[in-house]
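First comes the structure, then the notes that go with it.
The values are calculated or read from the model by the stated rules, or taken from the named source; none is laboratory data. Every value quoted in this text rests on a predicted model; they were computed, and no experiment measured them. Cβ: placed from backbone, ideal geometry, glycine included. Neighbour counts: every protein chain shown. Note: areas computed on protein heavy atoms with side chains; ligands, DNA, RNA excluded. Shrake-Rupley method; radii C 1.70, N 1.55, O 1.52, S 1.80 Å.
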Amino acid sequence: LKNMEIDINHRYVIETEQILAERRHEKDKFSEIIEHNLLHAAILHKNKEIVKILVANPKINIKDKMIITQITTDRIKIDNDFPNRTVIHKETGNALHFATKMGNIDIVQTILSHPDIDINDILEENDKEVVETRGYHGKRFKYMKLNVKKTSLHIALHKGYANIAQFLLSKNIVLKEE
């Protein structure tokens, strides 16, 4: 075991599915797919010691992105119709983004101690909603899309984490306009 080589940047995919409601032959479902590495897992579990060990390792890819995709399928009531709806929420961000979302200043500070972390990197959130209605001419689809880009400072301010926002500002974070 001493000479065993472990890839600390290996990406894991975790998929979960939950049935929200059942009626007749239909099911309302929520599913989540998380693509992440060991560092991201340690951040999500708020494990400060593991984060410190991984950030100190010269082989860590601190810029690696975690991707969280959440999909909800259900039926909604519109007037006298019950169309199918699919909502997809996808977040793509680095370790700093998710540490900020978790609200742990110690983990944020540890991640920012790594020389390769980009404090101004962007977290992307994409939301898409598709509603399938049945009209006079058959099926019709209505789409709604929303794309949001945020820095860690945006996240800290939105979540109300004043201590993290103050720390990020002390590190010369730049608010990007896109």
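Of everything in the range 29-63 that's in contact (Cβ under 8 Å) with a residue 60 or more places away in the chain and of a type outside the set (Val, Ile, Thr), which residue is most open to solvent (accessible area, probe 1.4 Å)? It would help to see each step written out before you state the result.
Here is the first cut: in the range 29-63, the ones in contact (Cβ under 8 Å) with a residue 60 or more places away in the chain are 43, 46, 48, 51.
Filter once more, so that each one left must be of a type outside the set (Val, Ile, Thr): 46, 48.
On the way: Lys46: 102, Lys48: 85 Å².
This residue is Lys46.
I need the full set of residues from the range 152-161 which are in contact with a helix residue (DSSP H, G or I) (Cβ under 8 Å, 6 or more places away or on another chain), open to solvent by 40 Å² or more (accessible area, probe 1.4 Å) and part of a helix (DSSP H, G or I), in order please.
Step one: list which residues in the range 152-161 are in contact with a helix residue (DSSP H, G or I) (Cβ under 8 Å, 6 or more places away or on another chain), which gives 152-153, 155-157, 159, 161.
Right, trim to open to solvent by 40 Å² or more (accessible area, probe 1.4 Å) and you get 157, 159, 161.
Hits for the range 152-161 are Leu157, Lys159.
Taking Lys149, is it part of a loop (DSSP other than H, G, I, E, B) and either touching a strand residue (DSSP E or B) at 6+ places or on another chain (Cβ under 8 Å) or at pLDDT 80 or above (or both)?
Values: part of a loop (DSSP other than H, G, I, E, B): no; either touching a strand residue (DSSP E or B) at 6+ places or on another chain (Cβ under 8 Å) or at pLDDT 80 or above (or both): yes.
So Lys149 fails the test.
I'd like to know if the range 64-85 contains one or more residues that are open to solvent by less than 30 Å² (accessible area, probe 1.4 Å), of a type in the set (A, V, I, L, M, F, W, C) and part of a strand (DSSP E or B).
Taking every residue of the range 64-85 in turn, at least one turns out to be open to solvent by less than 30 Å² (accessible area, probe 1.4 Å), of a type in the set (A, V, I, L, M, F, W, C) and part of a strand (DSSP E or B).
Can you go through Gly160, Gly135 and tell me which one is at pLDDT 95 or above and farther than 18 Å from Ile43 by Cβ? Working first, answer last.
Working: Gly135 fails: at pLDDT 95 or above.
That would be Gly160, the only listed residue that is at pLDDT 95 or above and farther than 18 Å from Ile43 by Cβ.
Which residues, counting only those in the range 23-37, are modelled with pLDDT of 80 or more and either touching a Cys at 6+ places or on another chain (Cβ under 6 Å) or not polar (S, T, N, Q) (or both)? Reasoning before the result, please.
Looking only at the range 23-37, we keep the residues that are modelled with pLDDT of 80 or more, and these are 27-37.
Once the filter is applied, which keeps residues that are modelled with pLDDT of 80 or more and either touching a Cys at 6+ places or on another chain (Cβ under 6 Å) or not polar (S, T, N, Q) (or both), the range 23-37 yields Lys27, Asp28, Lys29, Phe30, Glu32, Ile33, Ile34, Glu35, His36.
Determine whether Phe82 is out of contact with any Cys (no Cβ under 9 Å at 6 or more places or on another chain), over 23 Å from Leu157 (Cβ atoms) and aromatic (Phe, Trp, Tyr). Can you show your working first?
On the way: out of contact with any Cys (no Cβ under 9 Å at 6 or more places or on another chain): yes; over 23 Å from Leu157 (Cβ atoms): yes; aromatic (Phe, Trp, Tyr): yes.
Yes; evaluated as a whole, the condition is true for this residue.
Taking the range 90-122 on its own, how many of its residues are within 23 Å of Ile33 (Cα to Cα) and at pLDDT 95 or above?
So the count comes out to 14.
Listed residues Glu5, Glu49, Glu17; which is modelled with pLDDT of 95 or more and either under 16 Å from the mean Cα position of the chain (by Cα) or of a type in the set (D, E, K, R) (or both)? Working first, answer last.
On the way: Glu5 fails: modelled with pLDDT of 95 or more; Glu17 fails: modelled with pLDDT of 95 or more.
Only one candidate passes the filter, namely Glu49.
Write out, first by first residue and then by second, each pair whose Cβ atoms fall under 9 Å of each other, whose residues are 6+ apart or on separate chains, and whose first residue, in the range 156-175, is under 12 Å from Gly103 (Cβ atoms) while the second is of a type in the set (A, V, I, L, M) and loosely packed, with under 11 Cβ neighbours inside 10 Å.
Pairs that qualify, where the first residue is under 12 Å from Gly103 (Cβ atoms) and the partner is of a type in the set (A, V, I, L, M) and loosely packed, with under 11 Cβ neighbours inside 10 Å, are Ala156/Ala162.
Which residue pairs have Cβ atoms closer than 9 Å, lie 6 or more positions apart in sequence or on different chains, and pair a first residue in the range 105-129 that is without any contact (Cβ under 8 Å) to a residue 40 or more places away in the chain and closer than 30 Å to Thr73 by Cα with a second residue that is aromatic (Phe, Trp, Tyr) and surrounded by 15 or more Cβ atoms within 10 Å (Cβ to Cβ)?
These pairs meet every condition: Leu123/Phe98.
All but one of (1) touching a helix residue (DSSP H, G or I) at 6+ places or on another chain (Cβ under 8 Å); (2) part of a loop (DSSP other than H, G, I, E, B) hold for Leu39, so report the exception by its number.
So Leu39 meets the others, but not (2).
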